[in-house]
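Enquirer: Okay, here's the structure, questions in a sec.
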Amino acid sequence: MSLRPFHLAFPVHDLAAARAFYGGVLGCREGRSAAEWVDFDLFGHQIVAHLDSGARAAEHHNAVDGHDVPVPHFGVVLTMAEWHALAGRVKAAGVPFGIAPHIRFQGQPGEQATMFFRDPSGNALEFKAFADDAMIFATE
């Protein structure tokens, strides 16, 4: 069985800024759109930015491996090469990292490369990669 793409709809306060960020910085191909929403191809997954001028990002965090991880957040598990390329694009675009690119759970089951940053509407995103995909659901 092959993995099917997920679908996620999320609020943004400015569609032009969402297009610039998701299309320009993250390199997402734009799909269908209307006056109040835009589809993006996020590494093969369908995400939809819906206009909500009153949207405010959540500011809750949970401690994970010594960092304050924003909740909620979303993202994709990339290959290590894709992860490094994305980290470079985000850094080059001047997007501030909430949690800079680093290796989490080093030397433990589930060791992963991870980074967090926010879109222009404050939605938190995490992108991660594993040297060994068998570790994606590893337990101790």
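The values are calculated or read from the model by the stated rules, or taken from the named source; none is laboratory data. Every value quoted in this text rests on a predicted model; they were computed, and no experiment measured them. Counting neighbours? That spans all protein chains shown, and the Cβs are built from the backbone with ideal geometry, glycine included. With ligands, DNA and RNA removed, areas are computed over all heavy atoms of the protein, side chains included. Shrake-Rupley method; radii C 1.70, N 1.55, O 1.52, S 1.80 Å.
Enquirer: Would you pick out the residues in the range 4-18 that are in contact (Cβ under 8 Å) with a residue 24 or more places away in the chain and either in contact with a Gly (Cβ under 7 Å, 6 or more places away or on another chain) or in a helix (DSSP H, G or I) (or both)?
Expert: Correct list: 5, 15, 17, 18.
Enquirer: Can residue 126 be described as under 12 Å from the mean Cα position of the chain (by Cα), surrounded by 12 or more Cβ atoms within 10 Å (Cβ to Cβ) and among the acidic types (Asp, Glu)?
Expert: Against the criterion (under 12 Å from the mean Cα position of the chain (by Cα), surrounded by 12 or more Cβ atoms within 10 Å (Cβ to Cβ) and among the acidic types (Asp, Glu)), residue 126 qualifies.
Enquirer: From 113, 131, grab the single residue that is in a loop (DSSP other than H, G, I, E, B) and touching a strand residue (DSSP E or B) at 6+ places or on another chain (Cβ under 9 Å).
Expert: Just a single option satisfies the conditions, and that option is 131.
Enquirer: Please find, among 95, 90, 69, the residue that is open to solvent by less than 40 Å² (accessible area, probe 1.4 Å), in contact with an Asp or Glu (Cβ under 8 Å, 6 or more places away or on another chain) and not polar (S, T, N, Q).
Expert: Answer to the selection: 69.
Enquirer: Would you check which residues across the range 56-102 are within 16 Å of residue 24 (Cα to Cα), in contact (Cβ under 8 Å) with a residue 24 or more places away in the chain and assigned to a loop (DSSP other than H, G, I, E, B) and list them?
Expert: Passing the criteria: 93, 95.
Enquirer: Answer with yes or no whether residue 25 is touching a helix residue (DSSP H, G or I) at 6+ places or on another chain (Cβ under 9 Å), within 16 Å of residue 97 (Cβ to Cβ) and surrounded by 14 or more Cβ atoms within 10 Å (Cβ to Cβ). Please lay out each step first, then the result.
Expert: On the way: touching a helix residue (DSSP H, G or I) at 6+ places or on another chain (Cβ under 9 Å): yes; within 16 Å of residue 97 (Cβ to Cβ): yes; surrounded by 14 or more Cβ atoms within 10 Å (Cβ to Cβ): yes.
Judged against the criteria, residue 25 is a match.
Enquirer: Okay, next question. Confirm whether residue 77 is closer than 18 Å to residue 137 by Cα, under 13 Å from the mean Cα position of the chain (by Cα) and modelled with pLDDT of 95 or more. So that I can check it myself, show each step before the final result.
Expert: Values: closer than 18 Å to residue 137 by Cα: yes; under 13 Å from the mean Cα position of the chain (by Cα): yes; modelled with pLDDT of 95 or more: yes.
Criteria met by residue 77.
Enquirer: OK, next. Out of (1) farther than 15 Å from residue 126 by Cα; (2) assigned to a strand (DSSP E or B), the odd one out for residue 53 is which?
Expert: (2)
Enquirer: I'd like to verify a number: residues in the range 28-60 that are modelled with pLDDT under 90, of a type outside the set (Lys, Arg) and open to solvent by 30 Å² or more (accessible area, probe 1.4 Å), how many?
Expert: Looking only at that region, the number is 5.
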